[in-house]
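The values are calculated or read from the model by the stated rules, or taken from the named source; none is laboratory data. None of the values given here were measured: they were computed from a predicted structure. Cβ placement follows ideal geometry from the backbone for every residue including glycine, while neighbour counts extend to all protein chains displayed.
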Amino acid sequence: MKATMPLPVSEHNIDQAPYYLRTNDEVQQFEAAFKARLPVMLKGPTGCGKTRFVEYMAHRLERPLVTVSCHEDLFASDLLGRYLLKNDETVWVDGPLTTAVRTGAICYLDEIVEARKDTTVVIHPLTDNRRQLSIDKKGETIQAHPDFMMVISFNPGYQSVLKDLKQSTRQRFISLVFQYPDEAHEAEIVAHEGHIDPEIAARLVALAARIRRIREQGLTEGASTRLLIYAALLIRSGIDPVKACRSAICQPLTDDERLQETMEELIRDFF
């Protein structure tokens, strides 16, 4: 047996600065955490810009970004790596977390509450003063590169008894809280990303604000900034605004006919 070299980290570099509009002091706080080697937890609703922010910060700090979208079938070996058969030889292939630890990348575990509880435990030694990763299958303990940084995200709106972060995990991170931007900033983002007229973007944002206020009627999540951008792109492509909002906002948010009718009425108020 022999171990392979880690995957080339160059494939995780972000060469061009992603578009990101600051809304508070999140950039300064993230930079301070990076300098102090502190792990960061991003909390906020779906589609509010958490992932874009991490991409923006990776480019700003000139660090590679290794992103893992967590799910219930994510095993520790998916993060750490595994032995594979190659050319009649058993070789070790590093997983994304191990690659980030070795090379000093930012490792971003998106929606960490979706991962198995026994999987998230492997990050604990990386998020305290030890900054170590243990690979039991190889009998190896890796000291994290000085520039390695752990970042996780989750949506508190989906918390439940079964899907929430344990205190033993929460208290290893500093937390940055994200919300949807105020209407002026959100309209600027939608106009830029959706490539549409600012007046149309402002109407989409005003519509989203109304939809977010009807959550108490049974809507699980409000219309995200991401969905507004999708609607904007459809409108830019020539789709009627009412139909674009129906496809990009109403249908993804719920299957409840009553709620869809309510949103349809709101859409017609604005378009």
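Below are the figures for this structure:
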{"quantity": "Filtered residues of region 187-214 (kept if at pLDDT 95 or above, part of a helix (DSSP H, G or I) and of a type in the set (Val, Ile, Thr))", "calculated": "Ile189, Val190, Ile200, Val205"}
{"quantity": "Matching entry among Val27, Val66, Val101, Val54 (being touching a His at 6+ places or on another chain (Cβ under 6 Å) and at pLDDT 95 or above)", "calculated": "Val66"}
{"quantity": "Residue match in region 133-146 (condition: within 30 Å of Ile229 (Cα to Cα), out of contact with any Phe, Trp or Tyr (no Cβ under 7 Å at 6 or more places or on another chain) and among the charged types (D, E, K, R))", "calculated": "no"}
{"quantity": "Boolean, Ile229 is surrounded by 21 or more Cβ atoms within 10 Å (Cβ to Cβ), closer than 13 Å to Ile267 by Cβ and in the same structural domain as Asp255 (by TED's automatic domain parsing)", "calculated": "no"}
{"quantity": "Residue satisfying condition, being in contact with a Ser or Thr (Cβ under 6 Å, 6 or more places away or on another chain), without any contact (Cβ under 8 Å) to a residue 60 or more places away in the chain and not basic (Lys, Arg), within set Gln132, Gln143", "calculated": "Gln132"}
{"quantity": "One residue from Thr262, Thr254 being surrounded by fewer than 18 Cβ atoms within 10 Å (Cβ to Cβ), out of contact with any helix residue (DSSP H, G or I) (no Cβ under 6 Å at 6 or more places or on another chain) and either polar (S, T, N, Q) or in the same structural domain as Asp25 (by TED's automatic domain parsing) (or both)", "calculated": "Thr254"}
{"quantity": "Qualifying residue in region 215-229 (condition: in a loop (DSSP other than H, G, I, E, B), without any contact (Cβ under 8 Å) to a residue 40 or more places away in the chain and among the acidic types (Asp, Glu))", "calculated": "no"}
{"quantity": "Count of region 40-78 residues which are out of contact with any helix residue (DSSP H, G or I) (no Cβ under 7 Å at 6 or more places or on another chain), buried (at least 21 other Cβ atoms within 10 Å of the Cβ) and in a loop (DSSP other than H, G, I, E, B)", "calculated": "1"}
{"quantity": "Residue in region 193-208 that is farthest from Leu266 (Cα to Cα), counting only those that are surrounded by 15 or more Cβ atoms within 10 Å (Cβ to Cβ) and either under 24 Å from the mean Cα position of the chain (by Cα) or of a type in the set (S, T, N, Q) (or both)", "calculated": "Glu193"}
